[in-house]
Amino acid sequence: MTLFAQQGYAATSVGAIEKAAGLAPRRGAMYRHFPSKQALLEAVLDEHVAAVRASGDLAPLVSHLPLAEQLRQMAELMLALMESTRDLSRIFEREGERVPELRERFRTGVIDEAVHQARRIISPWLDDEADAEALAVVLTGPIVNFMRNRWTFGDSPAGLTEERFLDAWCESAIATLARRGDPPILDSGASQ
């Protein structure tokens, strides 16, 4: 995937893939395992989607914790997920139109699943009128931005450490949820 991410999906030759895999280039070795470059990309995507699903539902595992700790664990999981999908993200950003069905599977299997995970964590803290899914998108956006800045510019915005980012993000998330939550949200251990 690194070759696809660095050189582009279309520009990466089968020979280059074989060479990077330690196989004799241009001898058809890749075709013994995958019928095409797209099949290789699809197999890697399937692996990532399966890993996201295998990570399970975090909400029941953290529901006994104060909101601040639930949010922090969710954010840490999302940062790790973002890092693990870095190359795939780059491929689909640059050349997703070449493989729209795979791009859509990435969106639903990785991106949407992360949003649903966030929704499951924040929903119990919200009043009935709150749009939990929209709030989950709003809360996950800064996490995505933090990682994308690292990828694009080689560092986080303002050189912020991950620890400082997580502290500020949790504080901001609690304040956002408090506006849409039941009144005792900040008195229930959320800010501990």
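Within the stretch 143-173, the set of residues being under 16 Å from ARG86 (Cα atoms) and assigned to a helix (DSSP H, G or I) comprises ILE143, VAL144, ASN145, PHE146, MET147, ARG148, ASN149, ARG150, TRP151, THR152, PHE153. Of the helices (runs of 4 or more DSSP H) lying entirely inside the stretch 35-121, those containing at least 3 residues that are in contact with a Cys (Cβ under 7 Å, 6 or more places away or on another chain) and in contact (Cβ under 8 Å) with a residue 40 or more places away in the chain span 67-84. Being within 28 Å of ASP128 (Cβ to Cβ) and among the acidic types (Asp, Glu) is the filter; apply it to the stretch 142-192 and report the residue that is modelled with the lowest pLDDT. Only one residue tops the list, namely ASP187.
Could you go through the stretch 124-142 and let me know if any residue there is exposed (fewer than 15 other Cβ atoms within 10 Å of the Cβ), in a helix (DSSP H, G or I) and touching a residue at least 60 places away in the same chain (Cβ under 8 Å). Taking every residue of the stretch 124-142 in turn, at least one turns out to be exposed (fewer than 15 other Cβ atoms within 10 Å of the Cβ), in a helix (DSSP H, G or I) and touching a residue at least 60 places away in the same chain (Cβ under 8 Å).
When restricted to residues that are surrounded by 14 or more Cβ atoms within 10 Å (Cβ to Cβ) and either acidic (Asp, Glu) or in contact (Cβ under 8 Å) with a residue 12 or more places away in the chain (or both), the stretch 4-34 contains 10. Candidates in the stretch 45-103 are the residues that are of a type in the set (Val, Ile, Thr) and at pLDDT 90 or above; of these, the one that is surrounded by the most Cβ atoms within 10 Å (Cβ to Cβ) is ILE91.
Restricting GLU113, GLU171, GLU162 to those that are surrounded by fewer than 19 Cβ atoms within 10 Å (Cβ to Cβ), touching a helix residue (DSSP H, G or I) at 6+ places or on another chain (Cβ under 6 Å) and acidic (Asp, Glu) reduces the list to GLU113.
The values are calculated or read from the model by the stated rules, or taken from the named source; none is laboratory data. Just so it is clear, the structure is predicted and the values come from calculations on it, not from any experiment. Quick reminder, even Gly has a Cβ in these numbers, built from the backbone with ideal geometry, and neighbours come from all protein chains shown.
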